[in-house]
Structure formats: C-alpha cells, structure tokens
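> The following block contains the structure, expressed as structure tokens.
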Amino acid sequence: MVPMTDTLADPHLRFVPAPLTGDGDGPRDIVILGSTGSIGTQAIDLVLRNPDRFRVTALSAAGGRVELLAEQAHQLRVRTVAVAREDAVPALREALSARYGAGERLPEILAGPDAATEVAALDCHTVLNGITGSIGLAPTLAALKAGRSLALANKESLIVGGPLVKAQARPGQIVPVDSEHSALFQGLLGGPRSEVRKLVVTASGGPFRGRTKAELASVTPEQALAHPTWAMGPVITVNSATLVNKGLEVIEAHLLYDVPFDRIEVVVHPQSYIHSMVEFTDGSTLAQASPPDMRMPIALGIGWPDRVPDAAPGIDWTRAHQWDFLPLDTEAFPSVPLACHVGDLGGTAPAVFNAANEECVDAFLKGGLPFTGIVDTVAEVVARHGTPDRGTSLTVADVLQAETWARARARELAARAARTTSEARA
Ligand SMILES: NC(=O)C1=CN([C@@H]2O[C@H](COP(=O)(O)OP(=O)(O)OC[C@H]3O[C@@H](n4cnc5c(N)ncnc54)[C@H](OP(=O)(O)O)[C@@H]3O)[C@@H](O)[C@H]2O)C=CC1
Ligand SMILES: CC(=O)[C@@H](O)[C@H](O)COP(=O)(O)O
Ligand SMILES: [Mn+2]
C-alpha cells in the first residue's frame, strides 16, 4: 500500500497532481494497462531507457497482439500478464514459453474481462491506464481505490464515470497523460485558481481541417486514420478527425480542473506544438510547448513530480517554425458544442455520448457508416436519451445500463443510415 502525502495546503492546487510518497530507493514499480497499444509501447520505450527510475511489474492487454505482449513481458521480466480475452491464453502461453529459458519462471497469467481490473489493484506505485474505450472505467476505479497514483491516458473512464472517479480519487492522485491536460496542469502551476480566467485547449483540427460538412460526407476510413501530427490507436485517431476527441477533452478538463464549460475554449492549432494554455485574469497566458511526442506527457505521468531527462526531443530552435491558431468551425465539426451540452447535462449523458461514439467509430471503420454519420448518430442518441435525472448520485450500474442502451440505439441508427446510403447509391 502506498501512502499519499497529505492534500496540498493551497486549494488551487487541489486538481494538480500531488506526488505520492512510497517510492523506495530502487526504481518505481509501474503497472501498464494497454501495454501493446500506442500509449503502452511508448511507455515501455521510456521504461527500457530508464531502468534506474522505473520497473514494470505487470502488463495487461486485450489479447489481440500476444507475440508483442509476450515479448514485452520477457523484456521487462514482469510478474504478471493479463489478457481480457480468455481464448488468447494458449497462444500467449506458447509465445511466453518460446521466449523464456527452461529454468526460467514464466509470469503468472490472468485472463478474462476483469483481468485488467485485477492487475490495476496489484501492489505498485503507479498504474498507467492506456486501455482504449470506456472499458477502462473499472481499472481506473480499482487503481484509485487501491491507493495507486494513476497516470491516466484512458480519458473515457473519467468522462463516463466523472463523479464516481472524482469521488474515489484523493486530491492529486490522478496525473493526466492526455497531452492537453498535461499541458494544463503544468500551466495551472503558474498561479492561484482565483486568478485563472480560462483554459484554452488546442486541437490539431485533424486530417479534414478546413473541409465543409458536405465535403466530409465521402471521406474514407483510410483518410480519417491519417492524422497530420500524431501516431495513435485507431479509435482516438478517428475521434480526432471528427473532433469528438476535442469534445471528450473539454469534458476531461472540466472534470479534472473544476473549470466551468463557458471558461474552456478550443482553438485549432494545426502544428500540435502548443498542447494547451491557461489564461490568467491579468491577461497573461501560459502555454506548454513541445514537439508532438507522447513520451513527454507519459514520462511526466509515470515519473511525477520528477521530469525524466530526454523523455522526448525538445523543440529545435535552430530552424524556422510557424505556429497558427484558428477558430473552430463548429458547423462542419459540431462535436465540441455537443460534448459541452452532455457535460452540462451530467449524470449518464457523457456515458451515452461516449458509448454511442464508440459504436459509430466501429461502424465507420468497418465501412458501415459514412463519416458524417458518426456525429449525426451520436447527436441523435443523445437527444433520445434526454435529460438524465440528477437527483440521485451516479453508480457504476447506471453507467453500464446507459452505455448498453446507447450502444444498442447507435447500432440501430447506424444500420439505418447505412441502408439509406446504399439505397441512395443504387
Ligand atoms: N495514442 C495516443 O497518443 C493517445 C492516447 N490517448 C488515450 O489513451 C488510450 C489508449 O489509446 P491508444 O494507445 O492510442 O490505443 P491503442 O488502440 O493503440 O491501444 C489500446 C490498448 O488497449 C488494450 N485493450 C483494449 N481493450 C482492452 C481490455 N478490455 N482490457 C485490457 N486491455 C485492453 C489493447 O490491447 P490489444 O493490443 O490486445 O488489442 C491495447 O493494448 C485511449 O483512451 C486514448 O484516448 C490519449 C492521448 C494520446
Ligand atoms: C496526443 C493527444 O493528446 C491526442 O489526444 C491529440 O490531442 C489528438 O490530436 P487532436 O488535437 O487532433 O485531437
Ligand atoms: Mn489529447
């Protein structure tokens, strides 16, 4: 069990990560959830380059990439490997056996839908949640409940379970890994809360920046997956293209830093060098700048309060740079106002928004829904859900029920949209 340092005396720092005590003399023990993904593999790159600082004790993944998972387990000599898919266990065992020598002890294997949650509560200092999707909620809650520092990349868990996650988290227990929120907490250290005027979240604008809604109708999954500045997993990449990612991030900023939606602004910054900004009441703005490389915020997430030397390259000031800032086109990309709306509604509305989106992204990637159908369908599901009851406090069961409902509605509507599109083509 890792004890927390007591809550920071200054209330303006309540939502800025507080360092956990409990680091011994040796490297910090880390559990990585979603180790085979974009966040997970970049975290492992950092760990392998910093063996004096970090030691990975357990890994978890869905079970889609067992060779990579076995390779990671062997390289890091972890104690535990977990997969969500039980049918992946024989292949995982075989892949591990092929790498470990005869006298070497294989890591323990956990399998099943609750395996990541089990691993999230194992003894360690920091849990990095790099799972994709709202399936990350239970592991997020488990890590917090167990008293771990939570390096949170899995924004969906915070969004769908906002009040639950906040109630479980002690001040400073969550260290955001999402680049914008990492930038914001660094900016928030620049002055007291009473002097913060607004948060400015930057958006690359995605691969379709500058297109009209009509032009967006026929874009393909391949085009949507070609992000101009970041190499990420498929779901977040499509979310960046629809700007749903920015909508999720505005809710994430609201939940993490307790700033109302009307004081969170989004600005399009195509180069992705400024990761977000904090404007203070005297008109001063603090921006965090670095090349688009997630290893910087991941390193801060798992290494906080220390900075990891050479986590990622800094800006090369010997060459010319041009950084642009443009207003968001909410007509072509209505996701951000829609997200603010569901964030304002609260309760199960953000879970409905996110679950409908996850279904629609899946349908789009499988060729079953046009690109513009994603946000249109999400908006329709949100409208049908109506105003959630805010009288009672949210439970995990409420979230799961709302998600099941939203996924079913989204699938129905997406199937109908697909039929209409194919009839129009015929
Ligand atoms: N990539 C980035 O640069 C950024 C990502 N994020 C956020 O980080 C999270 C991860 O994104 P990203 O790394 O891009 O996603 P990826 O799709 O690249 O990786 C997802 C990882 O989650 C694992 N996974 C999926 N389902 C489960 C499950 N049920 N139990 C355990 N593991 C599971 C996958 O395993 P398997 O390989 O077996 O399928 C994989 O390791 C998302 O919430 C995203 O929004 C935030 C900011 C930047
Ligand atoms: C790297 C990261 O944090 C992503 O969430 C990124 O923000 C995506 O880029 P967009 O600004 O295009 O959504
Ligand atoms: Mn981000």
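So that you can scan it fast, the table gives a plain yes or no per residue for (1) away from ligand 3 (no atom under 16 Å from the Cβ); (2) closer than 21 Å to Asn357 by Cα:
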site	(1), (2)
Ala143	yes, no
Leu152	no, yes
Lys155	no, yes
Arg170	yes, no
His181	no, no
Val219	yes, yes
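> Do we have any residue at all in the stretch 343-354 that's touching an Asp or Glu at 6+ places or on another chain (Cβ under 7 Å), within 24 Å of Lys166 (Cα to Cα) and surrounded by fewer than 23 Cβ atoms within 10 Å (Cβ to Cβ)?
Within the stretch 343-354 (the criterion being touching an Asp or Glu at 6+ places or on another chain (Cβ under 7 Å), within 24 Å of Lys166 (Cα to Cα) and surrounded by fewer than 23 Cβ atoms within 10 Å (Cβ to Cβ)), the answer is yes, since at least one residue qualifies.
> Among (1) more than 19 Å from Asp262 (Cα to Cα); (2) out of contact with any Pro (no Cβ under 7 Å at 6 or more places or on another chain), there is one condition Val160 misses while meeting the rest; what is its number?
(2)
> Regarding the stretch 211-227, can at least one residue be identified that is within 12 Å of ligand 1 (Cβ to nearest atom) and farther than 21 Å from Ile274 by Cα?
yes
> Take the stretch 152-196 and flag every residue that is more than 16 Å from ligand 2 (Cβ to nearest atom), touching a strand residue (DSSP E or B) at 6+ places or on another chain (Cβ under 7 Å) and assigned to a helix (DSSP H, G or I).
Result: Leu188, Glu195.
> OK, next. If we scan the stretch 342-354, do we find a residue that is among the polar types (S, T, N, Q), out of contact with any Gly (no Cβ under 7 Å at 6 or more places or on another chain) and modelled with pLDDT of 95 or more?
If we filter the stretch 342-354 for residues that are among the polar types (S, T, N, Q), which is where we start, we get 348, 354.
Of the ones still in play, those that are also out of contact with any Gly (no Cβ under 7 Å at 6 or more places or on another chain) are 348, 354.
Still in the list and also modelled with pLDDT of 95 or more: 348, 354.
Yes, the stretch 342-354 contains a residue that is among the polar types (S, T, N, Q), out of contact with any Gly (no Cβ under 7 Å at 6 or more places or on another chain) and modelled with pLDDT of 95 or more.
> For the stretch 207-217, give me the residue count where each residue is closer than 21 Å to Asp293 by Cβ and either away from ligand 3 (no atom under 16 Å from the Cβ) or touching a residue at least 60 places away in the same chain (Cβ under 8 Å) (or both).
Qualifying residue count for the region: 1.
> Which members of the stretch 192-206 meet the condition of being β-branched (Val, Ile, Thr) and within 11 Å of ligand 3 (Cβ to nearest atom)?
Hits for the stretch 192-206 are Val201, Thr202.
> Another one. Which of the following residues is free of Cβ contacts under 8 Å to residues at least 40 places away in the same chain, under 30 Å from Arg49 (Cα atoms), hydroxyl-bearing (Ser, Thr, Tyr) and surrounded by fewer than 22 Cβ atoms within 10 Å (Cβ to Cβ): Ser204, Ser290?
Details: Ser204 fails: free of Cβ contacts under 8 Å to residues at least 40 places away in the same chain.
That would be Ser290, the only listed residue that is free of Cβ contacts under 8 Å to residues at least 40 places away in the same chain, under 30 Å from Arg49 (Cα atoms), hydroxyl-bearing (Ser, Thr, Tyr) and surrounded by fewer than 22 Cβ atoms within 10 Å (Cβ to Cβ).
> Moving on to the next point. Taking the condition farther than 16 Å from Ala151 by Cα, away from ligand 2 (no atom under 16 Å from the Cβ), hydroxyl-bearing (Ser, Thr, Tyr) and modelled with pLDDT under 95, does Thr21 pass?
It is false that Thr21 is farther than 16 Å from Ala151 by Cα, away from ligand 2 (no atom under 16 Å from the Cβ), hydroxyl-bearing (Ser, Thr, Tyr) and modelled with pLDDT under 95.
> Among the residues of the stretch 226-249, write down those that are surrounded by 24 or more Cβ atoms within 10 Å (Cβ to Cβ), away from ligand 3 (no atom under 11 Å from the Cβ) and assigned to a helix (DSSP H, G or I).
Scanning the stretch 226-249 gives Val238, Ala241, Thr242, Val244, Gly247.
The values are calculated or read from the model by the stated rules, or taken from the named source; none is laboratory data. Bear in mind that the values here come from a model prediction, so they are computed numbers and not experimental data. Note: ideal-geometry Cβ built from the backbone for every residue, glycine included; neighbour counts use all protein chains shown.
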